[in-house]
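*Asks:* Handing you a structure now.
The values are calculated or read from the model by the stated rules, or taken from the named source; none is laboratory data. Given the structure is predicted, the values throughout are model-derived calculations rather than measurements. Cβ placement follows ideal geometry from the backbone for every residue including glycine, while neighbour counts extend to all protein chains displayed. For accessibility, only protein heavy atoms count, side chains too; no ligands or nucleic acids. Shrake-Rupley method; radii C 1.70, N 1.55, O 1.52, S 1.80 Å.
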Amino acid sequence: MPESTISDNDKALAIMAHDLKAPLSAIVSLLSVIKKGYVNDMQKACELAERAWMKIRELIAIAWRKGARS
């Protein structure tokens, strides 16, 4: 494999990793708050779960956009 191809692949992977970090961190944080019992209000727990769901949808959208470029 030519060295430039490896470099291009490494760049693509770095961009993808960067794009995934923020949504993944948000999902882990939101779900940790619920799991650890910091939320006693069921309505608030549902709101946090909904926010986590939206972040998951963002990840799916990122994956689709990145897949369309390749």
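*Asks:* Of the residues that sit in the stretch 35-45 and are part of a helix (DSSP H, G or I) and of a type in the set (D, E, K, R), which one is farthest from residue 11 (Cα to Cα)? It would help to see each step written out before you state the result.
*Replies:* Pass one, the stretch 35-45, residues part of a helix (DSSP H, G or I): 35, 42-45.
Pick out the ones that are also of a type in the set (D, E, K, R) and you get 35, 44.
Values: 35: 36, 44: 40 Å.
Within the stretch 35-45, the match that is farthest from residue 11 (Cα to Cα) is 44.
*Asks:* Something else: For the stretch 49-56, state whether one or more residues are out of contact with any helix residue (DSSP H, G or I) (no Cβ under 9 Å at 6 or more places or on another chain), open to solvent by 90 Å² or more (accessible area, probe 1.4 Å) and of a type in the set (Lys, Arg).
*Replies:* no
*Asks:* Quick one: in the stretch 1-51, which of the residues that are at pLDDT below 90, among the charged types (D, E, K, R) and closer than 17 Å to residue 61 by Cβ is farthest from the chain's Cα centre (by Cα)?
*Replies:* Top of the filtered list is 19.
Yes/no per residue for (1) open to solvent by 40 Å² or more (accessible area, probe 1.4 Å); (2) farther than 28 Å from residue 12 by Cβ; (3) among the hydrophobic types (A, V, I, L, M, F, W, C); (4) in contact with a strand residue (DSSP E or B) (Cβ under 8 Å, 6 or more places away or on another chain):
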{"residue": "33", "(1), (2), (3), (4)": "yes, yes, yes, no"}
{"residue": "47", "(1), (2), (3), (4)": "yes, yes, no, no"}
{"residue": "59", "(1), (2), (3), (4)": "no, no, yes, no"}
{"residue": "64", "(1), (2), (3), (4)": "yes, no, yes, no"}
